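See structure below.
The values are calculated or read from the model by the stated rules, or taken from the named source; none is laboratory data. Quantities reported herein were computed from a predicted structural model and do not represent experimental measurements. Note: ideal-geometry Cβ built from the backbone for every residue, glycine included; neighbour counts use all protein chains shown.
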Amino acid sequence: MNAPDPAVTRPMPHTLNTYGRLPVALAYGRGCWLWDTEGRRYLDGLGGIAVNTLGHGHPKLVPALQDQVAKLIHTSNYYEVPLQEQLAAKLCELSGLSGAFFCNSGLEANEGALKIARKYGHDKGIERPEIIVYERAFHGRSIATLSATGNPKVQKGFEPLVEGFVRVPLNDLAAVERVAASTPNVCAVVLETIQGEGGVNPARTEYLQGLRRICDERGWLLMLDEVQCGIGRTGKWFAHQWAGIQPDVMPLAKGLGSGVPVGAIVCGPKAVNVLGPGNHGTTFGGNPLAMRAGVETLRIMEEDGLLAHAAEVGAVLRGALEQGLAAELASGGVKEIRGAGLMLGVELAKPCGVLVARCAEAGLMISVTADTVVRIVPPLILSADEAREIAARLVPVVKTFLAEA
Ligand SMILES: Cc1ncc(COP(=O)(O)O)c(C=O)c1O
């Protein structure tokens, strides 16, 4: 994510200065609306960066979480956690995969996936396994996941990077074939089905199908990072399901707990037994509160038909943006509107980080990624009217910005 314009941000004096924060303190939320401490109201086009699947204060989620807080928050993985088994079984049912490990965030899910890739390589007798990763990818900010990330700004100052990654451009199968021919130690490919932080860049259907074929031919693991694009955001449970393929490993997080921190590594048959006792673990991961949040999020999504809803409302939002910005699309000020369902990017012809603050002033939360892309990832409960309202608030801000010299 791009930091908002430094001219309008202010640090919080006792927290490390790692975020460019807008001077807005949010106090309260209902559905897709947020109120700040001054009583101003905002339409939430950001969903806590693709996290608040069920919006704010959801009438079914809140009592379930209250119930769980009163029963048990945390126990440790020394004991059985029945809710872990319940959430794992549900994720397996929805994905067709075989087993899950629970952690607390997206980077942890990816870190664990990278460990699975390396161990899988070692188990096959490869002493120095290599993993194919992507230009403009984002997988997190630990040393290993920032090394896998394809953004020099995220890596700068943290060298030496972790070795064992080979980088290729997205949607170029020939590049993968070239690596296959020249690098015998490859054991896995890791990519986002739709790149989020890199500017909302979808992997094409044929590309995903081609990768699946190459991974099968070569015995590599196909690892699809669905931390941002998964959990119903594109109108299917997982974005790769549009391509009719299955990964071997799928890191998840963000929307899975609807705001309660939870991550998961979901594994298919080739990967599910790679890690054994003592190979991996976490204190908090899979605790009863996080698991209940995941179980209830998926249950409510099913009950309320939120997959079909995300696809429909996403189409309304996209249509309203295309209509509102038709002149700018024609003139090239807006280069492209892309994405799927409720994960949309509006790419402008010039850097537009200032739009985060300007949209907030206009009562709309959005973010800007990859310098030039306005990203909209609202709660999946967004109504069609709210989708049109996002466009109604965003379009004039973009038009004014593009008209400036
Ligand atoms: C695709 C993807 N993977 C991993 C991460 C890292 O997740 P977290 O911030 O929870 O560590 C992100 C966060 O933006 C992401 O978009």
Only one residue in L256, L329 is surrounded by fewer than 19 Cβ atoms within 10 Å (Cβ to Cβ), of a type in the set (A, V, I, L, M) and assigned to a helix (DSSP H, G or I). Which one?
L329
Filtering segment 260-269 down to residues that are surrounded by fewer than 24 Cβ atoms within 10 Å (Cβ to Cβ) and more than 12 Å from the ligand (Cβ to nearest atom) yields V260, G268, P269
Kindly establish whether L161 is surrounded by fewer than 21 Cβ atoms within 10 Å (Cβ to Cβ), under 22 Å from Q228 (Cβ atoms) and not β-branched (V, I, T).
no
Tally time: how many residues in segment 132-150 are crowded, with 24+ Cβ neighbours inside 10 Å and more than 14 Å from the ligand (Cβ to nearest atom)?
1
From E217, E163, E197, E159, grab the single residue that is more than 15 Å from the ligand (Cβ to nearest atom) and either in contact with a strand residue (DSSP E or B) (Cβ under 6 Å, 6 or more places away or on another chain) or not in a loop (DSSP other than H, G, I, E, B) (or both).
E217
All but one of (1) farther than 13 Å from I231 by Cβ; (2) small (G, A, S); (3) crowded, with 21+ Cβ neighbours inside 10 Å hold for A293, so report the exception by its number.
(1)
Would you mind finding the one in A70, A64, A100, A89 that is at pLDDT 95 or above and either surrounded by 23 or more Cβ atoms within 10 Å (Cβ to Cβ) or within 16 Å of the ligand (Cβ to nearest atom) (or both)?
A100
Set R128, R141, R136: member being under 21 Å from T282 (Cβ atoms) and either outside any loop (DSSP other than H, G, I, E, B) or out of contact with any Lys or Arg (no Cβ under 6 Å at 6 or more places or on another chain) (or both):
R141
